[in-house]
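Note sheet for the following structure.
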Amino acid sequence: MANIAEALDAGLASRLDPIVDAALSEGRIAGGVVLVAKGGALAYGRAAGLADVEAGRAMTTDAIFRASSLTKPIVTAAFLSLVEAEVMGLDDPVIRWLPDFQPKLDGQVPTLTLRQLLTHTAGLSYGFMQPDDGPYLKLGVSDGMDQPGLGFPEQLRRVTQAGLFFPPGAAWLYSVGMDVLGAAIEAATGKTLGDVVAERVADKLGLADTGFSVSDRTRLATAYADGPPPKKMGETHTVPFAELSGIKFAPDRILTPGSFPSGGAGMACSATDFMVFLEAIRTGGAPILRQATASAMMTNQTGGHLIVTSGPGVGFGFGGAVITDATIAASPLPNGAWMWGGVYGHNWFVDPERELSFVLMTNTSTEGMSGQLSQELMAAVAAG
């Protein structure tokens, strides 16, 4: 794997292999890639199952996946590099870069900042966090994985019309804030978000398969929803979520010209690329960020706000959640672990103190993100 030496751990393999094997034999995933790095060396790497069940195409370690929310930390790093370069400021008002983006709350237009977009404290939401008759559903706001061909101007207009759900800074709610931030990045730089991410993150780290397009369609994993057995997604597919409206997918969105580059969910990447990115942040940020900035990404930035998707004992940094009290969170991960996932079927964490990074990318939603497989693998990796 690029930039990471190999020091494979037989003991780790003896714990992780049966977990992966069971997920495959029980039809909980179609396929996936699991990587674990310890102290900068690859301690475990496995591609298992099928990238495309119907075609019988085996999963490979260089398979490309629709990244969903693994997009967030990568775009976050690109934005923070702009902050370091003083192109943008964390506490800039959003209207400095997007003058027409003025969602209302109780008839007023509160001041929103880029920091609030970044940390999901702006008062925005996601459609899948709402019931079927929620304002985002009524107005057709995209969650960044549906509606191929929808561009930034219309997406921003719809989000603006929907308004805010609470005063900026007053609470935490998972949201399209990263999409709005992506539009602000484009306005500030005069470049596409894809070009900014390439110049400031992907090219510097040699991430050839990371971007808002697919570098090699022959390696793109087919998208499936939970079974068993896993069900191939069609042109559109809705996966149930918490008795709300469900998570809406359009797998060909990333292949459709004109789709706005969703800073929250719109990229593709491989597991190996994502591991190189995580390791760069864990080891101090070079060559993309300064050490203090990389450390800030892995530090709680939201005070005592409840991270409603994770529960008590968890805060939110820049690009992912942070375990603030493992006991209260009932988490196998220690205090200080930085983590998140992706609804196309992914999960990851970094334990800075133990120099440990974990990446799971699957083609099966939502088992790979929050199901038995991801939970058992995280616990097994954290245990040793």
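Annotations
- Overall Cα dimensions of the chain - principal axes, largest extent first, Å: 59, 43, 40
- Extending 7 Å from Cα along the Cβ direction at Ile95 and again at Asp132 yields two label points whose distance is 3.8 nm.
- Amide N of the stretch 194-218 lying under 20 Å from the label point, which is placed 7 angstrom from the Cα of Glu84 along Cα→Cβ: 194-208, 210-211
- Using only Cα coordinates, the Kirkwood hydrodynamic radius of the stretch 337-384 works out to 10.5 Å.
- Relative packing of peptides 51-61, 118-128, 291-301, 359-369 - highest average C-beta neighbours within 10 Å first: 359-369, 118-128, 291-301, 51-61
- What the Cβ-Cβ distance of Asp216 and Ala187 gives, at R0 = 51 Å and to the nearest 0.05, is a FRET efficiency of 0.95.
- Just so you know, the Cα atoms of the stretch 65-293 work out to an Rg and Dmax of 17.2, 50 Å.
- Sequence of Glu86, Glu279 once ranked by neighbouring C-beta atoms within 10 Å, starting from the fewest: Glu86, Glu279
- In terms of overall dimensions, the stretch 188-236 has a Cα radius of gyration and Dmax of 15.5, 46 angstrom.
- Residues Thr218, Thr111, Thr71 arranged by fewest to most Cβ contacts within 10 Å: Thr218, Thr111, Thr71
- Considering only Val33, Pro153, Val201, the residue lying farthest towards the positive end of the dipole of the chain is Pro153, judged by Cα position with unit charges set on Cβ.
- Taking the centroid of alpha carbons for each part, the stretch 166-211 and the stretch 307-360 are 21 Å apart.
- Dividing the mean sequence gap of close Cα pairs (under 8 Å, 6+ apart) by how many residues the chain holds gives a relative contact order of 23 percent.
- For the stretch 13-111, the fraction of C-alpha pairs farther apart than 24 angstrom is 52 percent.
- Sequence of Met267, Met178 once ranked by neighbouring C-beta atoms within 10 Å, starting from the fewest: Met178, Met267
- Taking Lys and Arg as +1 and Asp and Glu as -1, the other residues whose beta-carbon sits under 13 Å from that of Gly89 total -2.
- Computed [θ] at 222 nm, helices only, for the chain once each DSSP H run of length n ≥ 4 contributes -39500 (n - 2.57): -8000 deg cm²/dmol
- To the nearest ten degrees, helix 177-189 and the longest principal axis of the Cα atoms of the chain are 70 degrees apart.
- Each residue, Ile328 and Leu8, gets one label point 7 Å from its Cα in the Cβ direction; the gap between the two is 4.2 nm.
- Segment Leu255..Asp62, full-extension length gain: 67.6 nm, with 0.36 nm per residue of separation and the alpha-carbon distance subtracted.
The numbers here are math on the coordinates, done by the rules we state, and not lab data. Here the structure is a predicted model, which is why all the values come from computation and not from measurement. Glycine also receives a Cβ, built like all others from the backbone with ideal geometry; neighbour counts cover every protein chain displayed.
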